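> This is the structure I want to talk about, given as structure tokens.
The values are calculated or read from the model by the stated rules, or taken from the named source; none is laboratory data. Because the structure is predicted, anything quoted here is derived from the model rather than measured. Virtual Cβ from ideal backbone geometry, glycine too; neighbours counted across all protein chains shown. Protein only, heavy atoms only, side chains kept; ligands, DNA and RNA dropped before computing areas. Shrake-Rupley method; radii C 1.70, N 1.55, O 1.52, S 1.80 Å.
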Amino acid sequence: MIAARLRQPRGAFAAALARKAARLARARAETLLRARRDAASRWREPRLLWPLFAKD
């Protein structure tokens with residue numbers, strides 16, 4: 001049987017997941033705002049295209 005083993009404590013895993021969700025939410029909100037303004041610059045921002053891969 002295959003068992004999953006977390007290397008991080010559950011609290012740390014939940015915190016990391018929450019940070020990723022927050023980053024995705026911020027990127028989505030800014031993308032929607034720029035779409036309303038019809039700003040083509042939203043396609044030139046790597047942090048909006050790939051929010052989980054951009055550096056902080």
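> List every residue pair whose Cβ atoms sit under 9 Å apart, with the two residues 6 or more apart in sequence or on different chains, where the first one lies in segment 8-25 and is within 18 Å of LEU49 (Cβ to Cβ) and the second, anywhere, is among the basic types (Lys, Arg) and open to solvent by 90 Å² or more (accessible area, probe 1.4 Å).
Correct list of pairs: ARG23/ARG47.
> Here are the criteria: (1) at pLDDT below 80; (2) in a loop (DSSP other than H, G, I, E, B). Tell me which single one ARG42 does not satisfy.
With respect to (1) at pLDDT below 80; (2) in a loop (DSSP other than H, G, I, E, B), ARG42 is out only on (2).
> Suppose we filter LEU6, LEU24, LEU32 for residues that are surrounded by 10 or more Cβ atoms within 10 Å (Cβ to Cβ) and at pLDDT below 90; which single one remains?
On the way: LEU6 fails: surrounded by 10 or more Cβ atoms within 10 Å (Cβ to Cβ); LEU24 fails: at pLDDT below 90.
So the residue among LEU6, LEU24, LEU32 that is surrounded by 10 or more Cβ atoms within 10 Å (Cβ to Cβ) and at pLDDT below 90 is LEU32.
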